[in-house]
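Presented below is the structure to which this report refers.
The values are calculated or read from the model by the stated rules, or taken from the named source; none is laboratory data. Worth saying up front: this structure is predicted, and the values here are computed from it rather than measured. Cβ atoms come from the backbone with ideal geometry, glycine included; neighbour counts cover every protein chain shown.
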Amino acid sequence: MPAPVLTTLEARGIRATLDHGLGQLADFAVKLDDGWHRPLARVPWADDPPPCPEIAAAPHLARMSGDFFCAPFTAADVEPAPLHGWPANSNWSLLERLELADGVAATWELDRAVMGARLRKRWRLRHGDPFLYQEHVFEGGAGRISLAHHVMVDVRGGAELTLSPRAHAESPALSGGMVDAFATGLLAYPARATDLRRFPRRDGGTADLLRYPLGAGHEDFAMLVDAVPAPPPGSVGWAAVRRPAQGDCVLLVKPADVLPQTMLWISNGGRDTLPWAGRHVGVLGVEDACAFSAHGHAASMAPNPLSDAGVPTCHALGGTLRIRHAVGVLAAPDGPLAAAALDARAQAALAIAREATP
């Protein structure tokens with residue numbers, strides 16, 4: 001693959017780098033009292049991607065890093081595209097970069113259309129604020145699209161997950177490529193639980209989805225559903241990944257009515273084929289989404305158990321569709337995180353994310 005083209009935005013105490021060729025958050029760093037923290041994961045082969053069929057079919061795997069925007073989420077089986085769609089697998093062109101009184105902002109446009117829609121990416125950083133504020137804007141197009149922010153946290157030193165209220169977790173019935181992808185899974189497939197600390201395992205036991213690692217040499221996936229039916233307009237959802245060994249916490253913030261699911265991808269050395277080769281370890285994907293689990297675009301568009309229960313699994317195109325999201329890094333004290341304090345930070349962050357990008 002050609003060498004990546006990168007753009008770095010920097011404000012006081014925070015910086016973020018976009019890999020234009022794949023729309024990936026290639027680097028994200030926040031300065032806390034004890035120095036710079038870079039908590040998001042990057043695949044170990046990113047600087048020297050091996051030639052292999054998986055990367056040829058899904059270019060995002062070559063330098064998979066930090067966060068990227070999926071449209072659709074998982075299989076692109078409606079409009080031809082690689083896994084996770086063109087936003088994660090093709091070039092973004094820089095349209096504008098603005099130095100602001102309180103920080104910096106930039107706008108990129110995807111070189112390809114998504115279901116006929118034009119797609120722009122907007123980032124904003126503020127001085128002394130530990131959050132990257134993102135907005136993806138679809139203009140026009142036709143049909144419906146599933147989507148997700150594909151955030152990956154480095155949890156090699158262990159981690160604990162704290163969440164805004166969730167109705168339940170469920171793992172999918174495995175079919176197609178999922179059979180091989182999760183062949184080493186520890187979780188039961190399909191399964192469901194309202195107690196996230198007691199999710200069914202294949203061996204008959206239970207797994208704690210709020211504490212990592214779950215085990216070694218496995219690859220797993222579960223969908224968290226915020227509410228049934230969907231959260232009301234204006235709702236805020238969040239997920240906090242505390243990394244005790246690093247003394248920090250990654251806080252992900254979403255509009256829960258727009259992104260009413262969060263997918264957990266737990267990758268800890270469970271894939272042996274290239275490019276994975278057993279070396280993709282200690283990664284927790286916390287992927288805020290509007291999609292029907294890992295079943296792909298067509299299944300998310302079609303009637304399914306979630307949509308039948310009043311929970312959206314895709315969004316309509318044709319006008320202007322805005323997807324806001326924020327990812328931040330906070331200092332984390334010893335011991336459990338206080339949900340009330342996290343909720344207050346999340347509420348404030350989403351209010352900023354909802355402001356019009358200058």
Item to complete: Could you tell me whether Gly310 is touching a residue at least 24 places away in the same chain (Cβ under 8 Å), closer than 26 Å to Phe221 by Cβ and assigned to a strand (DSSP E or B)?
Response: no
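Quick check, is Leu61 farther than 26 Å from Val250 by Cα, touching a helix residue (DSSP H, G or I) at 6+ places or on another chain (Cβ under 8 Å) and surrounded by 21 or more Cβ atoms within 10 Å (Cβ to Cβ)?
On the way: farther than 26 Å from Val250 by Cα: no; touching a helix residue (DSSP H, G or I) at 6+ places or on another chain (Cβ under 8 Å): yes; surrounded by 21 or more Cβ atoms within 10 Å (Cβ to Cβ): yes.
Spelling it out, it is not the case that Leu61 is farther than 26 Å from Val250 by Cα, touching a helix residue (DSSP H, G or I) at 6+ places or on another chain (Cβ under 8 Å) and surrounded by 21 or more Cβ atoms within 10 Å (Cβ to Cβ).
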Discussion item. Here is a check on your reading of the model: is Ala230 part of a loop (DSSP other than H, G, I, E, B) and either aromatic (Phe, Trp, Tyr) or at pLDDT below 95 (or both)?
Written reply: yes
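Does at least one position in the range 298-320 carry a residue that is β-branched (Val, Ile, Thr) and crowded, with 23+ Cβ neighbours inside 10 Å?
In the first step, residues of the range 298-320 are kept if they are β-branched (Val, Ile, Thr); the result is 311, 313, 320.
From what is left, the residues that are crowded, with 23+ Cβ neighbours inside 10 Å are 313.
Yes: one or more hits.
Within the range 85-103, count every residue that is in a strand (DSSP E or B) and surrounded by fewer than 21 Cβ atoms within 10 Å (Cβ to Cβ).
Filtering the range 85-103 down to residues in a strand (DSSP E or B) leaves 92-100, 103.
Right, trim to surrounded by fewer than 21 Cβ atoms within 10 Å (Cβ to Cβ) and you get 93-100, 103.
Looking only at that region, the number is 9.
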Worksheet item: Scanning for something touching a strand residue (DSSP E or B) at 6+ places or on another chain (Cβ under 8 Å) and touching a residue at least 60 places away in the same chain (Cβ under 8 Å), does the range 198-215 turn up at least one residue?
Response: yes
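Has the range 4-16 got any residue that is β-branched (Val, Ile, Thr), out of contact with any strand residue (DSSP E or B) (no Cβ under 7 Å at 6 or more places or on another chain) and closer than 25 Å to Val250 by Cβ? Can you show your working first?
Narrowing the range 4-16 to residues β-branched (Val, Ile, Thr): 5, 7-8, 14.
Checking the rest, the ones that are also out of contact with any strand residue (DSSP E or B) (no Cβ under 7 Å at 6 or more places or on another chain) come to 5.
Retained after the next criterion (residues that are closer than 25 Å to Val250 by Cβ): none.
Within the range 4-16 (the criterion being β-branched (Val, Ile, Thr), out of contact with any strand residue (DSSP E or B) (no Cβ under 7 Å at 6 or more places or on another chain) and closer than 25 Å to Val250 by Cβ), the answer is no, since none of the residues qualifies.
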Item to complete: Could you grab me the full set of residues in the range 152-162 that are under 22 Å from Arg201 (Cβ atoms) and buried (at least 21 other Cβ atoms within 10 Å of the Cβ)?
Response: Val155, Ala159, Leu161
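Quick one: how many residues across the range 165-190 are in a strand (DSSP E or B) and surrounded by fewer than 18 Cβ atoms within 10 Å (Cβ to Cβ)? Spell out the reasoning first.
Taking the range 165-190 and keeping what is in a strand (DSSP E or B), we get 168-171, 187.
Pick out the ones that are also surrounded by fewer than 18 Cβ atoms within 10 Å (Cβ to Cβ) and you get 168.
Within the range 165-190, residues that are in a strand (DSSP E or B) and surrounded by fewer than 18 Cβ atoms within 10 Å (Cβ to Cβ) number 1.
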